[in-house]
Amino acid sequence: MASDSPRPSALSLDAAAPPPEETATATFGMGCFWGPDARFGAMPGVARTRVGYAGGDDPEPSYYSLGDHTEVVQVEYDPEELSYDDLLDAFWANHSPFSAPHKRQYRGVVLAHDESQREAAAESKAALEDRTGKTVQTEIEPLDGFYPAEGYHQKYELRSTPVASDELESLYGPAFVESTAAARLNGFVAGHGDEERRRAVLADVDLSPAALSEVRRRF
Ligand code: MHO
């Protein structure tokens, strides 16, 4: 889904977002993927997010047939604005690293895109264990394949403000997932981001007044 569609650019916020050749990507499993999609999507410096399945061998995972995969969020970010360590901080603070998961679907896992991510993740895991004296259950593995989740899981929080998500989807089609504006609004309606940032971003999102006012009603 992500790479098949042209990158959306009708909205000014999307046109201004860094293109894929200027971004880095991180992939994390941290419980149900709806929450982290919203959390990371609201962060300044994050260009795009998407949710999917990874960390297993099953060749055709889907939500109702996950096989050995885990729900993950993929975060594409501008390395000049945000570091991988910043993302790791948000990762550790927003899942339960000390409890073994009941289901593989929801396990905590860093899926490292390269050796430097793997090292950074291992260092931060060791530091957390030193600080707490507890054993971290979260795993660190190399990323080997990412399978985008079904459309209805993407930007899930924003979908409960359908005036806004429908408008974005009719503008962009399936490339809606790759919209920076959609990522931000998805985060804001879930309660992330402060008042000042929401105001600044909303002033920049050229959706209809009706859609924007429905988004604001959820703040
Ligand atoms: N408890 C949530 C999990 C969904 S998440 C995409 C639900 O089923 O409503 O796994």
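The values are calculated or read from the model by the stated rules, or taken from the named source; none is laboratory data. Every value quoted in this text rests on a predicted model; they were computed, and no experiment measured them. Virtual Cβ from ideal backbone geometry, glycine too; neighbours counted across all protein chains shown. Remember, those area values only see protein heavy atoms, side chains included, never the ligands or the DNA or RNA. Shrake-Rupley method; radii C 1.70, N 1.55, O 1.52, S 1.80 Å.
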* Structure fact -> Reduced to Cα centres, the span from segment 3-46 to segment 194-214 in Å works out to 18
* To do: Return the loop-located GluC sites (Glu not before Pro) in segment 120-219 (DSSP other than H, G, I, E, B) with at most 13 other Cβ atoms within 10 Å of their own Cβ; answer none if there are none.
  => GLU150
* Structure fact -> In degrees rounded to 10, the 0-90 angle between helix 195-204 Cα long axis and the longest Cα principal axis of the chain is 50
* Asked: Ignoring ligands, DNA and RNA, what accessible area per residue does segment 21-217 give at 1.4 Å, in Å²?
  -> 45
* Asked: Shape of the chain from its Cα gyration tensor (a ≥ b ≥ c, root eigenvalues): rounded if a/c is under 1.5, otherwise prolate when a/b > b/c, or oblate?
  -> prolate
* Asked: Roughly speaking, to the nearest percent, how much of segment 1-92's 1.4 Å accessible area is carbon and sulfur?
  -> 48
* Asked: Ranked by accessible surface with a 1.4 Å probe, highest first, in what order do TRP92, TRP34 come?
  -> TRP34, TRP92
* **Counting DSSP beta bridges with both ends in the chain, the antiparallel % (nearest 5)** => 85
* Nearest-ten-degree value, helix 162-172 long axis tilted from longest Cα axis of the chain -> 90
* Structure fact -> Candidates SER96, SER160, SER116; GNM for the chain (alpha-carbon contacts under 10 Å) flags as most fluctuating SER116
* Cα shape, segment 107-193, gyration tensor, a/c 1.5 rule -> prolate
* **Angle between the chain longest axis and helix 84-93 axis [Cα atoms, degrees, rounded to 10]** => 80
